[in-house]
Every structure is written in structure tokens, then in C-alpha cells.
Amino acid sequence: MSEQENEHAAVLQATRCWVEQWVVKENLCPFAGKPVRENRVLYQVSHAQRPKQLLSDLTQALEHLAHTPVQELETTLLIHPNVLQDFGVYNAFLDQVDDLLLELDLEGEIQVASFHPHYQFADTDYDDVENFTNRSPYPMLHLIREASIEQAIDYHPNIDAIPIRNIEHVRNLGIEHMRTLLAQCKRD
């Protein structure tokens, strides 16, 4: 196996670990379990080295999701381990993501959520544990169908309580537990 294939496999393994052990097992997203169990999540690794290359990969991923029936593919995680490592640069890149959704006429059909190893919410300190609700082993863009979000809102008793519950949950687990989880997923 080549070095690039080894890196690709390690990125996929770490991301799957994070999704299964954190997002699903800890119920951070109560809607993630079903598509994960049904194998309707596409884990796609971008080998982009520059933001422009990532935009090209994102375009392909968005179009693929938009044109694939939901029964086959619910959501896509576009993982990009070699570009946008700095969270500030990554965060600024999200404006280009919004522009791309408009350009592809996918606004209102697909939304993109953001996860990053150094994720930091506004008005928090870097080490505040609530930042771990959006920290992932590698930078990634989560492509979500708007129809799925609307369906989740219809069936969940209080969708607005999810982020609050998640913050309480990570506070109860503690920052060391969160750091260990991320590190363990990258090691396994």
C-alpha cells in the first residue's frame, strides 16, 4: 500500500471512529445513528492541497449528493486533512462554501456544517469544552440535505435543545475525556 493510500485509510478510520464513538454513541446528533447503521453516509477524503482544489472536490461532492436518491445516500462527510488546517482560514473559507451553494443553485437543498480539530465558537476560549461539540479528528465539511433537516425538526420534540444538551454533556464528560477521545480515534 502506498503512503497516500495509508494516509487515506487512516483518515477514514479516524473519522469513522469519531462518528461512531462520539457523534452516534454519545448521541450528539440524534439523527445520525440511522444513516450510519444503514450505510448511507459517504466518507470522502479530499487530497486537496489548496482551497481552490477543495472547492472543486466540494463541487463534485455536492452534485453527487444532490443527484443520488436519499435511500442510497443520506449525507456526505468531505474530509480534507491537507488543507485549511488553521481554523481561522477554514472559518473564512466557509463564505466560499456558501457562495458555491448559491452558484450551484443548491441553497435550500443542501447545507454544509463545519467540523475542525481546532473548532472554536465565537466568544469562547480555545480550551472551553463546548468547542469539542464541533471538533473532529480532521477538518471536514458535512453536507446535509435540507429535507432531512426539516424531517428531523418535524419528529424531534425540541430541536433547539440539542446544542444546549450537547454542551452540558461535554462539560460533564470533561475536557480531558474529549481530548482523549479525539486522540484515540486518530491512533486506532
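Bear in mind that the values in this text are calculations on the coordinates, not laboratory data. A quick note: this is a predicted structure, and the numbers were derived from the prediction, not measured. Note: ideal-geometry Cβ built from the backbone for every residue, glycine included; neighbour counts use all protein chains shown.
Of the residues in region 95-132, how many are touching a residue at least 40 places away in the same chain (Cβ under 8 Å), under 25 Å from GLU7 (Cα atoms) and either basic (Lys, Arg) or in contact with a Pro (Cβ under 9 Å, 6 or more places away or on another chain) (or both)? Summing the residues that are touching a residue at least 40 places away in the same chain (Cβ under 8 Å), under 25 Å from GLU7 (Cα atoms) and either basic (Lys, Arg) or in contact with a Pro (Cβ under 9 Å, 6 or more places away or on another chain) (or both) in region 95-132 gives 1. Annotation: SER136 fulfils all but one of (1) closer than 30 Å to ALA66 by Cβ; (2) free of Cβ contacts under 8 Å to residues at least 60 places away in the same chain; the unmet one is (2).
If you filter region 137-188 down to residues that are loosely packed, with under 14 Cβ neighbours inside 10 Å and β-branched (Val, Ile, Thr), you find that the one that is farthest from VAL89 (Cα to Cα) is ILE153.
A count restricted to region 57-71 and to residues that are hydrophobic (A, V, I, L, M, F, W, C), surrounded by fewer than 18 Cβ atoms within 10 Å (Cβ to Cβ) and within 22 Å of VAL83 (Cα to Cα) stands at 0. Of the residues making up region 26-49, those that are over 13 Å from the mean Cα position of the chain (by Cα) and within 17 Å of HIS116 (Cβ to Cβ) are SER46, ALA48. Summed over region 72-112, the residues that are crowded, with 19+ Cβ neighbours inside 10 Å and polar (S, T, N, Q) give a count of 2.
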